[in-house]
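Data first, discussion second: the structure below is written as structure tokens.
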Amino acid sequence: MSSPAPIESYAELLKQGNLVVFPTETVYGLGASAWNPKAVQQIFKTKGRPGDNPLIVHISSIDMVKQFTDQVSGRARTLMQKFWPGPLTLVFPKKPGVLDAVTAGLDTVALRMPDHPIALQLIELAGPLVAPSANKSGRPSPTRAEHIRSDYGNSLPLIDGGECDLGLESTVIDMSVNPPVILRPGYITAKQIEEACGFHPEMATYSASDSSGPKSPGMKYTHYAPKAKVEWLSTEHITLLNASSDNSGSLIVLHSMDNPVNQPHKGLKVMHFNSDYRRLAHQLYDCFRKADFDKVKRIYIEPFNDELIKENQPVEALQNRISKATGSRSSQL
Ligand code: TXA
Ligand code: MG
């Protein structure tokens with residue numbers, strides 16, 4: 001089935017235990033009913049997702065929270081009221097009936113209310129939906145319908161909502177521990193959380209040598225990577241690019257510095273975001289996928305100034321996703 005079928009028909013598919021790809025404000029999600037164990041299993045199979053990586057349950061009203069947890073702190077309630085619907089996922093101690101397949105056997109469950117009319121209507125009709133980013137495991141998250149088709153062909157029912165507004169996955173904060181910690185940085189920053197409820201959440205970190213395992217299973221997987229090799233741009237790279245007679249396999253992504261490579265570029269591709277970090281977030285995954293399509297072999301990305309992270313920009317989330325794409329595992333999920 002392809003758009004524009006009525007949304008009710010997609011809700012019907014979900015209720016019958018099928019998967020449906022739908023848009024959210026962050027990235028496209030691969031949805032299944034949160035109460036159907038077979039459908040939830042099918043998500044892991046379809047994505048090629050490791051079974052120990054739990055799923056986020058998407059809800060359309062604060063009232064739905066109580067189906068999944070009965071331990072909502074005052075702080076958590078404040079965050080829901082302030083940021084939902086929106087790109088913030090809250091992790092709670094789960095109620096006993098919540099499917100093990102959803103939480104990958106953890107005693108916590110992640111909940112989020114997406115800020116997208118199609119997603120909200122679909123959940124309203126079909127009930128709570130688990131929805132990981134709809135990419136094949138290990139690929140960049142999809143922000144356009146064509147990204148889904150490139151990973152799965154036309155094999156999945158897909159609601160085409162155009163380009164996702166934000167382009168990076170939600171902030172994940174663990175409210176089941178005291179003090180709460182950020183497991184994955186996203187659009188909602190630690191500073192915004194502090195302004196909303198008076199505490200500054202720290203980032204959880206994970207290193208592969210950590211024997212107790214990560215706070216969140218997703219932390220240990222390399223994600224978001226294109227086939228091209230991604231590296232933070234360094235002075236050594238600039239020297240090499242300047243010395244090379246053929247840079248046609250390389251792309252540099254800049255946001256503040258002028259192009260540091262001498263003219264002519266010798267085939268070098270350059271993307272400049274002119275300090276527009278929202279635009280960079282919006283386009284990062286599309287840029288990765290286009291680079292693969294254009295047979296780019298190496299992507300060099302200008303590192304971020306630490307000062308920027310303190311501002312309300314998606315810079316910390318960008319830094320996290322790009323570090324993941326470089327293959328570094330010692331960062332958040
Ligand atoms: O923006 C988003 O969050 C998108 C859209 C589709 O809503 N979804 C998304 O889902 O990014 P996914 O599955 O790609 O990433 C969810 C992350 C995983 O890394 C997982 O480890 C973590 O959230 N997670 C889920 N449940 C958890 C739990 N109970 N405790 C700790 N981490 C959890
Ligand atoms: Mg994902």
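At-a-glance table
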{"read-out": "Computed label-point distance, nm, for sites LYS191 and THR78 using a 7 Å Cα→Cβ extension", "value": "1.9"}
{"read-out": "In Å², nearest 10: area of GLU124 left accessible to a 1.4 Å probe", "value": "120"}
{"read-out": "Electrostatic dipole magnitude of the stretch 240-323 [Cβ: Lys, Arg +1; Asp, Glu -1; Cα centre; debye, to 20]", "value": "380"}
{"read-out": "Per-residue ³J(HN,Hα) for the stretch 19-36, Karplus 6.51 cos²θ - 1.76 cosθ + 1.60, θ = phi - 60°, Hz, x for Gly and Pro", "value": "9, 9, 8, 9, x, 10, 6, 8, 9, 5, x, 9, x, 8, 4, 5, 9, 10"}
{"read-out": "THR108 - accessible surface, heavy atoms, 1.4 Å probe, Å² rounded to 10", "value": "30"}
{"read-out": "With DNA, RNA and ligands ignored, accessible area of HIS237 (1.4 Å probe; Å², nearest 10)", "value": "20"}
{"read-out": "Alpha-carbon Rg/Rh ratio, for the stretch 7-203, with Rh computed the Kirkwood way", "value": "0.94"}
{"read-out": "Estimated distance in nm for a label pair at SER275 and PHE199, the labels positioned 7 Å out from Cα along Cα-to-Cβ", "value": "3.6"}
{"read-out": "Selected from LEU14, ALA110, PHE199, residue furthest toward positive end of dipole (the chain; charges at beta carbon)", "value": "LEU14"}
{"read-out": "Sequence of TRP84, TRP232, TRP35 from largest to smallest accessible area, 1.4 Å probe", "value": "TRP35, TRP232, TRP84"}
{"read-out": "Eligible aspartates and glutamates near LYS266 by straight Cα distance, threshold 15 Å, same-chain separation 8 or greater", "value": "ASP246"}
{"read-out": "Rg ratio (alpha-carbon, reference 2.2 N^0.38 Å) - the stretch 229-326", "value": "1.05"}
{"read-out": "Listed peptides 109-116, 13-20 by packing density, highest first (mean Cβ within 10 Å)", "value": "109-116, 13-20"}
{"read-out": "Dimensionless Rg over Rh [the chain; C-alpha; Kirkwood]", "value": "0.98"}
{"read-out": "Rough spin-label spacing in nm, given labels placed 7 Å along Cα→Cβ, for ILE62 and SER155", "value": "4.2"}
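The values are calculated or read from the model by the stated rules, or taken from the named source; none is laboratory data. Not measured: the values here are computed from a predicted model. Cβ sites come from the backbone with ideal geometry, for glycine too, and all protein chains shown count toward neighbours. These accessible areas exclude ligands, DNA and RNA; they are computed on the full protein's heavy atoms, side chains included. Shrake-Rupley method; radii C 1.70, N 1.55, O 1.52, S 1.80 Å.
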